[in-house]
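Written below as structure tokens is the structure these notes are about.
The values are calculated or read from the model by the stated rules, or taken from the named source; none is laboratory data. Bear in mind that the values here come from a model prediction, so they are computed numbers and not experimental data. In this analysis, Cβ positions are derived from the backbone assuming ideal geometry, glycine residues included, and neighbour counts consider all displayed protein chains.
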């Protein structure tokens, strides 16, 4: 009788633990959700956050020089505060998308992308440098203003572009063949 009660208790504990494990919402490694999230992060970085025109415009000193010609000090202060918020928002979004790509590469890429160990090591180093640079950039902008560290901005954007290129190769299987050959959504392009 005691054995029956102990088996029932163990069975109940296993059922409860399975219930909580299933409810936790963990995605399986290599799941499609991680791939779609990584593809969206890659698109957001390449099309929305890293184009050189956008980065150049966000950090354009010409805007500051123009505002400095204005005699009203309040306008300059307002401009610097708003530009600071824009820069902090940009850095935060870049960091968020990079974290999403890193999550993909840590959990799923090994199932789909055939990266050499050298490329994986370089990518890991790029992710570490990029995330560190984003934090340094956030702190320096917060403390010194939006024009405090122009070199870090350039190196951050360059490193993010390198990460995007490797991620694009890792996610290439998600891009339809007709999109890479210049075809339309109606079907593949004919050679």
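Among the residues here, residue 190 qualifies as part of a loop (DSSP other than H, G, I, E, B), at pLDDT below 85 and loosely packed, with under 12 Cβ neighbours inside 10 Å.
Of the residues making up the range 15-69, those that are within 28 Å of the chain's Cα centre (by Cα), modelled with pLDDT of 80 or more and not in a helix (DSSP H, G or I) are 50, 51, 59, 60.
Okay, residues lined up against (1) assigned to a helix (DSSP H, G or I); (2) at pLDDT 90 or above; (3) over 13 Å from residue 42 (Cβ atoms); (4) in contact with a helix residue (DSSP H, G or I) (Cβ under 7 Å, 6 or more places away or on another chain):
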site: 71; (1), (2), (3), (4): no, no, yes, no
site: 90; (1), (2), (3), (4): yes, yes, yes, yes
site: 101; (1), (2), (3), (4): yes, no, no, yes
site: 104; (1), (2), (3), (4): yes, no, no, yes
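Quick check on residue 179: is it in contact with a helix residue (DSSP H, G or I) (Cβ under 8 Å, 6 or more places away or on another chain) and modelled with pLDDT under 50?
No: the conditions fail for residue 179.
On the basis of being exposed (fewer than 15 other Cβ atoms within 10 Å of the Cβ), farther than 17 Å from residue 47 by Cβ, at pLDDT 85 or above and under 18 Å from the mean Cα position of the chain (by Cα), does residue 132 make the cut? Answer is yes for this residue.
Quick one: would you say residue 123 is in contact with a helix residue (DSSP H, G or I) (Cβ under 6 Å, 6 or more places away or on another chain) and without any contact (Cβ under 8 Å) to a residue 40 or more places away in the chain?
On the way: in contact with a helix residue (DSSP H, G or I) (Cβ under 6 Å, 6 or more places away or on another chain): yes; without any contact (Cβ under 8 Å) to a residue 40 or more places away in the chain: no.
When the stated conditions are applied, residue 123 does not pass them.
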